[in-house]
Structure formats: C-alpha cells, structure tokens
1. PRO108 is checked against (1) surrounded by 15 or more Cβ atoms within 10 Å (Cβ to Cβ); (2) farther than 30 Å from GLY91 by Cα and fails just one. What number does that condition carry?
2. Scanning segment 79-103 for residues that are assigned to a strand (DSSP E or B) and β-branched (Val, Ile, Thr), which turns out nearest to SER116 (Cα to Cα)?
3. Taking the condition over 20 Å from TYR230 (Cα atoms), of a type in the set (A, V, I, L, M) and buried (at least 20 other Cβ atoms within 10 Å of the Cβ), does VAL101 pass?
4. Can you say whether THR170 is on the phi < 0 side of the Ramachandran plot, at pLDDT 95 or above and of a type in the set (Val, Ile, Thr), as far as the supplied structure shows?
5. Can you pull out every residue in segment 67-92 that is more than 24 Å from GLY126 (Cα to Cα) and in contact (Cβ under 8 Å) with a residue 40 or more places away in the chain?
6. If THR165 satisfies all but one of (1) buried (at least 16 other Cβ atoms within 10 Å of the Cβ); (2) farther than 30 Å from VAL45 by Cα, what's the number of the condition it fails?
7. So the check is Cβ under 9 Å with 6+ separation or different chains; which pairs have a first residue in segment 145-161 that's without any contact (Cβ under 8 Å) to a residue 60 or more places away in the chain and a second one that's among the basic types (Lys, Arg) and assigned to a strand (DSSP E or B)?
Amino acid sequence: MRRFVVALLATSAFGVSAFAADMPVKAPRVAPVAMYNWTGFYLGVNGGGVWGNSSWQYVVAATTAGHKNSGGMVGGTIGYNYQFASTWVAGIEADWDWASVKGSSDCPAATFTCQSKIDSIGTLRGRLGYAMNEWLFYGTGGLAWDHARIETVNKAGAAIPTSGTATNGTSTTNTGWTVGAGVEWGFLPNWTAKVEYLYADFGTHRYTVDNSLLVDSRQTESIVRGGINYKF
C-alpha cells in the first residue's frame, strides 16, 4: 500500500511539472519611457562672444571708413515654449545682455581714429523647433537692438569741437533684425542647456563726431553663446 501511494504522488508531481512547463510565460512588464516635456515658461542666463563690422559713411564728405569689432556679452533670458503634434515646439524668447564690443581703424583724415563701442544687446524672437525627446533643434528670428557709440579720437590729443576734448561722438539705441539656429538639451526635468548662433543687423543710423560731422553707421554682428534655463 505504501509503495502504491508513493508511486501515485510521484506520478502526480511529474504531471504537474510537465503541465507547468507547457504553460506560456508572460514577459516582465517594462515601464514606458517618459518623453521630455518642453511646454512651459522659463528663465535663464546666457553668455558668449560677438564679432562683426562697423561701416561708416560720412554724410557731407561722401567718404567712408569701417572696421571689425569683437567682444563678449552676458545677460538674462525669459521665454515660453509650447509642444504640439508630439515632436514640434513653438515659442517666444526675449533676452538682454550687457556687452563689451569694440573696434577701431584710421579715419579718412589720418590724424583721427574712428572707433565704435556696443555696451548692450537685446532680442525678441520667435522659435520653432523639432524635439527628439530631451533634444530640441530650432530656428529663430525676430527683432534685435543695441546701444552703440560712434566716436572719433584725435591722435595728438588736441581738443576738437564740439566737446572741446580729443574724443567726440554720440550714442544711440538702434533697432534691427536677427536670425539664427541652435540646439537645446533637457538634462533634468526642469533644466535645459543651449548653444546658439545669431546673425544681427542693427541697421544704419546717424551719429555726430568731431567738428559736427555727420556719419551714417551700420553695425552687423555674429553672436555665438550658451545658456542655461529653468523651466517652470
């Protein structure tokens, strides 16, 4: 009797094992990968380099001058992004930067140096980009402005009208346009880092230099900068 019970239990165990081996095995559930969300307001800081040209046209004498300029910039950014159709991102962005961009050359009158200075740069731009999860590739364009000074310096240090000093010039706030492209990386849920290139044309504007001479000057600049933003 004992042998019969043992044999019966062994047979049952073998049958259960074989049945279990034939049952389909469910694959482990894998959590879906969360897509990066670009929608929202953001604030940030930015900084980079500037280089370009300052071209001069004397109004009365019909002579020209010009020089290359370069320098740096640093400032703040504010903007808003809206993600739609899963992978597209549209937005608007504004920034203002303190700048130190300078250049100089000899004037048509060799006793003078013609020089330009830009001490601030700002933009208000639209952005349209394609998102690949935490990466955003975008184009951008809109308004640009700067605060620039155009001046002449008497090389001998002699006082020249209208100021009665060796340096004479005027400053203006100039408005123009800008266009560019960049890439932005969402390295944390609320933090992004970007690198972008902008070309800015601040237009042609009139200045007064030594001896009350009028100069029409145009500033065109290339900007390469990086930035870090916090998204709310």
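1. Condition not satisfied by PRO108: (1).
2. My answer is VAL101.
3. yes
4. yes
5. HIS67, ASN69, GLY71
6. Exception for THR165: condition (1).
7. Close Cβ pairs satisfying both conditions: ARG149/LYS117; GLU151/LYS117.
Let's see how each residue does on (1) on the phi > 0 side of the Ramachandran plot; (2) touching a strand residue (DSSP E or B) at 6+ places or on another chain (Cβ under 6 Å); (3) of a type in the set (S, T, N, Q):
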{"position": "ASN81", "(1), (2), (3)": "no, yes, yes"}
{"position": "ALA85", "(1), (2), (3)": "yes, no, no"}
{"position": "ILE118", "(1), (2), (3)": "no, yes, no"}
{"position": "LEU128", "(1), (2), (3)": "no, yes, no"}
{"position": "MET132", "(1), (2), (3)": "no, no, no"}
{"position": "LEU143", "(1), (2), (3)": "no, yes, no"}
{"position": "ASP146", "(1), (2), (3)": "no, yes, no"}
{"position": "GLU151", "(1), (2), (3)": "no, yes, no"}
{"position": "THR162", "(1), (2), (3)": "no, no, yes"}
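The values are calculated or read from the model by the stated rules, or taken from the named source; none is laboratory data. It should be emphasised that the depicted structure is a prediction, and the values quoted were computed from it without experimental measurement. Virtual Cβ from ideal backbone geometry, glycine too; neighbours counted across all protein chains shown.
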